[in-house]
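Data block below; observations after.
The values are calculated or read from the model by the stated rules, or taken from the named source; none is laboratory data. What you see is a predicted model, and the numbers here were worked out from it, not measured in a lab. We place every Cβ from the backbone using ideal geometry, glycine too, and count neighbours over all the protein chains shown. Keep in mind that these areas ignore ligands, DNA and RNA; they rest on the heavy atoms of the full protein, side chains included. Shrake-Rupley method; radii C 1.70, N 1.55, O 1.52, S 1.80 Å.
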Amino acid sequence: MRKRMKYEYDAVVIGGGAAGLTASGIAANFGAKTMMVERDKLGGDCTWTGCIPSKTLIKAASVVHNTLQSKKYGIDISCDDFDLSELMKHVDEVRNEIYEDADRPEIFENMGIDVVQGSASFLDQHTLNIEQLDGTDRKVTSKFIFICTGSSPFVPPIPGLDRVDYLTNESLFELNNIPKSITIIGAGPIGCEMAQSFARLGLEVTVLDMADRILLNDDPELTEILKTSMENEGVTFELNVSVQKVDPIDNGTRVFFQKNDEVSSVDSDSLLVATGRRPNLEGLNLEAAGINYSKKGIEVNDSCRTSQRHIYAAGDVTGRYQLTHMSDHMAKTAVTKALLKVPFKIDKKHVPWVTFTDPELGHVGATLPDLKKSGTSFETYQFPFVKIDRAITDGNTTGLIKIYAKKWSGKILGASVVGAHAGEMISQYALAMKNGVTLRDFADTIHPYPSYGLGARRAADQWYIKNQSETLVKWIKRIFRYRGEIPDYSDPNRIV
């Protein structure tokens, strides 16, 4: 009989960000002896340099914007002066509050988890070396290992960039004062969210991107609505351009960019590079464990298992998704599969995402290119925010809901929303899709009036409208001897 090897731990989690915290908590909850290794502070990118500080800044900027827009609500509130340094202090206070309430080591130690601060690297398939803060090394063995090291900003090799003090999301929220102008390279979620926030705080903002539109993963019609809204607030977009070089100038930077054959430049006090993310693979020594990976991330299957059966990876380090909620979902999938042997897999069909601009822009499920590529038959159902009564009362009528669904069954295949509270609306559609709720079911569900949720339901109502036909109504009229006029069905895009 083969002797069973003994390990010091049942589970070791490398990384204490969104994926790592979830993986550690679930493993400990299953009764596994668990260690979590984090080289910096628990909470990771989301708490310190991503979701929490950015959304706090967005909220503060929206307060300023709404104050300046108060006249449209029939009141006049002045906002002549505010201390930008105090705003940044507020951002720091909020992320520290989140850390104290949810991420402190003591919280996880009380669950029975050994929390170690240091850098972990593989010595072999079951052994890790941890370089601790005091400079000493500690070797640990584990039956299962979960890699949750996240990602870092990707900085492209732009000539001259190394000669200027540029910002990324890792340094942006450490500013003591906000500059008067900023150039942002990248029109993705981070670039767009920060561009609008800084514009609302009174900065001159220019956004550069090599693509011909913003937010490439989202619906072009909806991104154009958002872009126009941001331009109306003072954001300048230079799209379909190639950044040539960066030069330092007095108290700032000059960025040269080419569009077609013409080279132009923009000067600003600060430069933010928001050009995507790269997985944190450095120092892990993955080769020692025989783990397959590329520059895009660690290769995993749909259960988050790597090329080694007992080693799993979750979150940004896999390169699959760069969303905090998907890091959480992947961690749940990985730990459940590993420790309980339950055949869990990532839910790839119902992945929602939201860009928290104003208006917000959200999506879940299949995109229009996905559906066309697969040859899936579908209908598009739309509903504008100008027909949502709550949006009218709030002055938030910029927006549009789009739903892709099967014509006869009403099965929802995907949905996109641009508008106020788009994130909450997308959550409704995500729940509906996950549980097989059709547009008919959605339309038949009572929603409170007046609410944005009712707007989501009224978009579903359009399934009924589109499935009506003049012939059917004529038969109903004849059978019941009704005397009214038949509606005009000639416009296939009519909205009721």
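For region 349-364, indicate whether the set of residues that are more than 27 Å from Lys227 (Cα to Cα) and over 11 Å from the mean Cα position of the chain (by Cα) is non-empty. Walk me through how you get there before you give the answer.
Of all residues in region 349-364, those more than 27 Å from Lys227 (Cα to Cα) come to 349.
Applying the additional criterion that residues be over 11 Å from the mean Cα position of the chain (by Cα) yields 349.
Taking every residue of region 349-364 in turn, at least one turns out to be more than 27 Å from Lys227 (Cα to Cα) and over 11 Å from the mean Cα position of the chain (by Cα).
Hey, any hits in region 115-132 for a residue that's over 14 Å from Arg39 (Cα atoms), assigned to a loop (DSSP other than H, G, I, E, B) and either of a type in the set (A, V, I, L, M, F, W, C) or open to solvent by less than 50 Å² (accessible area, probe 1.4 Å) (or both)?
yes
Using the structure shown, decide if Gly395 is farther than 30 Å from Asn280 by Cβ and at pLDDT below 95.
Numbers: farther than 30 Å from Asn280 by Cβ: yes; at pLDDT below 95: yes.
It is true that Gly395 is farther than 30 Å from Asn280 by Cβ and at pLDDT below 95.
In the set Lys332, Lys373, which member is part of a helix (DSSP H, G or I) and modelled with pLDDT of 95 or more? Outline the logic, then answer.
Details: Lys373 fails: modelled with pLDDT of 95 or more.
Sole residue among the options that is part of a helix (DSSP H, G or I) and modelled with pLDDT of 95 or more: Lys332.
From the set of residues in region 314-327 that are assigned to a helix (DSSP H, G or I) and crowded, with 19+ Cβ neighbours inside 10 Å, which is nearest to the chain's Cα centre (by Cα)? So that I can check it myself, show each step before the final result.
Applying the first criterion (assigned to a helix (DSSP H, G or I)) to region 314-327 yields 315-318, 324-327.
Those left that are additionally crowded, with 19+ Cβ neighbours inside 10 Å: 315-318, 324, 326-327.
Working: Gly315: 12, Asp316: 12, Val317: 15, Thr318: 16, Thr324: 7, Met326: 9, Ser327: 11 Å.
Filtering first and then ranking leaves Thr324.
May I ask you to list pairs of residues, at least six apart or on different chains, whose Cβ atoms are under 6 Å apart, with the first in region 267-293 being in contact (Cβ under 8 Å) with a residue 40 or more places away in the chain and closer than 21 Å to Gly188 by Cα and the second being surrounded by fewer than 16 Cβ atoms within 10 Å (Cβ to Cβ) and aromatic (Phe, Trp, Tyr)?
From region 267-293, the pairs are Thr275/Phe154; Gly276/Phe154; Arg277/Phe154; Arg278/Phe154.
Of all residues in region 55-73, which are more than 18 Å from Glu193 (Cβ to Cβ) and open to solvent by 70 Å² or more (accessible area, probe 1.4 Å)? Write out each step before concluding.
Residues of region 55-73 that are more than 18 Å from Glu193 (Cβ to Cβ), as a first pass: 67-73.
Leu68, Gln69, Lys71, Lys72, Tyr73 - these are the residues of region 55-73 that are more than 18 Å from Glu193 (Cβ to Cβ) and open to solvent by 70 Å² or more (accessible area, probe 1.4 Å).
Go through region 395-430 and report how many residues are open to solvent by 60 Å² or more (accessible area, probe 1.4 Å) and over 13 Å from Arg457 (Cα atoms). Before the answer, list the steps.
Step one: list which residues in region 395-430 are open to solvent by 60 Å² or more (accessible area, probe 1.4 Å), which gives 398, 406-409, 411, 421, 424, 427.
From the residues that got through so far, the ones that are over 13 Å from Arg457 (Cα atoms) too are 398, 406-409, 411, 421.
The total comes to 7.
Are there any pairs, at least 6 apart or on different chains, whose C-beta atoms fall under 7 Å, with the first in region 379-399 and touching a residue at least 12 places away in the same chain (Cβ under 8 Å) and over 23 Å from Leu439 (Cα atoms) and the second hydrophobic (A, V, I, L, M, F, W, C) and assigned to a loop (DSSP other than H, G, I, E, B), and if so, which?
Asp394/Ala420; Asn396/Ala420
Conditions tested, residue by residue: (1) farther than 30 Å from Pro279 by Cβ; (2) assigned to a loop (DSSP other than H, G, I, E, B); (3) of a type in the set (D, E, K, R); (4) open to solvent by 30 Å² or more (accessible area, probe 1.4 Å).
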site	(1), (2), (3), (4)
Ile158	no, yes, no, no
Glu174	no, yes, yes, yes
Glu193	no, no, yes, no
Phe198	no, no, no, no
Val205	no, no, no, no
Leu208	no, no, no, no
Leu215	no, yes, no, no
Lys227	no, no, yes, yes
Glu231	yes, no, yes, yes
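Taking Lys72, is it modelled with pLDDT under 95 and within 30 Å of Thr336 (Cα to Cα)?
Considered against the rule, which asks whether it is modelled with pLDDT under 95 and within 30 Å of Thr336 (Cα to Cα), Lys72 comes out as no.
For the list (1) more than 30 Å from Ala391 (Cβ to Cβ); (2) surrounded by 11 or more Cβ atoms within 10 Å (Cβ to Cβ); (3) in contact with a Phe, Trp or Tyr (Cβ under 7 Å, 6 or more places away or on another chain), I need the number of the one condition that Arg458 fails.
With (1) more than 30 Å from Ala391 (Cβ to Cβ); (2) surrounded by 11 or more Cβ atoms within 10 Å (Cβ to Cβ); (3) in contact with a Phe, Trp or Tyr (Cβ under 7 Å, 6 or more places away or on another chain) applied to Arg458, the lone miss is (1).
How many residues does region 296-329 contain that are modelled with pLDDT under 95 and either within 17 Å of Asp10 (Cβ to Cβ) or basic (Lys, Arg) (or both)?
Within region 296-329, residues that are modelled with pLDDT under 95 and either within 17 Å of Asp10 (Cβ to Cβ) or basic (Lys, Arg) (or both) number 1.
State all residues of region 368-381 that are open to solvent by 60 Å² or more (accessible area, probe 1.4 Å) and either under 16 Å from Gly419 (Cα atoms) or among the charged types (D, E, K, R) (or both); if no residue qualifies, say none. Break it down into steps so the answer makes sense when it comes.
Taking region 368-381 and keeping what is open to solvent by 60 Å² or more (accessible area, probe 1.4 Å), we get 369-370, 372-375, 377.
Hits for region 368-381 are Asp370, Lys372, Lys373.
What are the pairs with Cβ atoms under 8 angstrom where one residue, in region 219-239, is within 16 Å of Leu208 (Cβ to Cβ) and the other, located anywhere, is surrounded by fewer than 15 Cβ atoms within 10 Å (Cβ to Cβ) and not β-branched (Val, Ile, Thr)? Sequence gap at least six, or different chains.
Cβ pairs passing all conditions: Phe237/Glu231; Glu238/Lys259; Glu238/Ser264; Leu239/Ala211; Leu239/Asp212.
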